[in-house]
Amino acid sequence: MGGSRINLLLFTTIFFLISVATICRSDDDADCVYTAYIRTGSIWKGGTDSTITLTLYDASGYGIRINNLEAWGGLMGPDYDYFERKNLDIFSGRGPCLTGPPCEMNLTSDGTGSGHGWYCNYVEVTTTGVHMPCAQQEFEVEQWLATDTSPYELTAIRNYCEEDSLTRRRIGGHVILEPGSLGTGRGEK
């Protein structure tokens, strides 16, 4: 009888360890690596000290929001001044995978800091993950994100998705949020 209890305990322990290992591995496999290249224009006073948020959507309407690009994955170094005139800034980090390549972008400035206005030339994004092909998309912005110059908006949206995906996202799309975001996670509308 003692031998069967040991076998049961051993079996239960092994089963538990395999389950935990599978769950941990599954979480890592669900992450993708996102890299964003953001070019600030050469226009006088085109740089900003504001916090910049980037949200990417796939054609199914799922998205990932990165609330503070610099804090999330700024690669330029600790003393580097991001989003300044003529800069090409690079950001990279992990986050939940989308269901397809990103085809829509929402770029938002919080309008804080000295010199809140910002002129962005473009945002180029690459994504990759385990058992997934690499995807790349360039979003031409060529717009001020400012409240004191045209178009008087702190947000630039570029949608290169197929026409029906925008309707799908507005009806039932979800945003996958990064840790530290304002929302609670998958399933927010």
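Just so it is clear, none of the values below were taken in a lab; they were calculated from the coordinates. Just so we're clear, the structure is a prediction, and the values are computed from it rather than from any experiment. Ideal geometry is used to build each Cβ from the backbone, glycine not excepted, and the neighbour counts take in all protein chains shown.
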Worksheet item: What full-extension length gain, to one decimal in nm, is calculated for Y152 and Y80 as 0.36 nm per residue of separation minus the Cα-Cα distance?
Response: 23.1 nm
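Note the full-extension length gain between S92 and V33 as 0.36 nm times their separation in residues minus their Cα-Cα distance, in nm to one decimal.
20.5 nm
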Worksheet item: Arranged from highest to lowest average of other beta-carbon atoms within 10 Å per residue, in what order do the peptides 145-153, 55-63, 110-118, 97-105 appear?
Response: 55-63, 97-105, 110-118, 145-153
Worksheet item: How would you rank W44, W144, going from fewest to most other Cβ atoms within 10 Å of each one's own Cβ?
Response: W44, W144
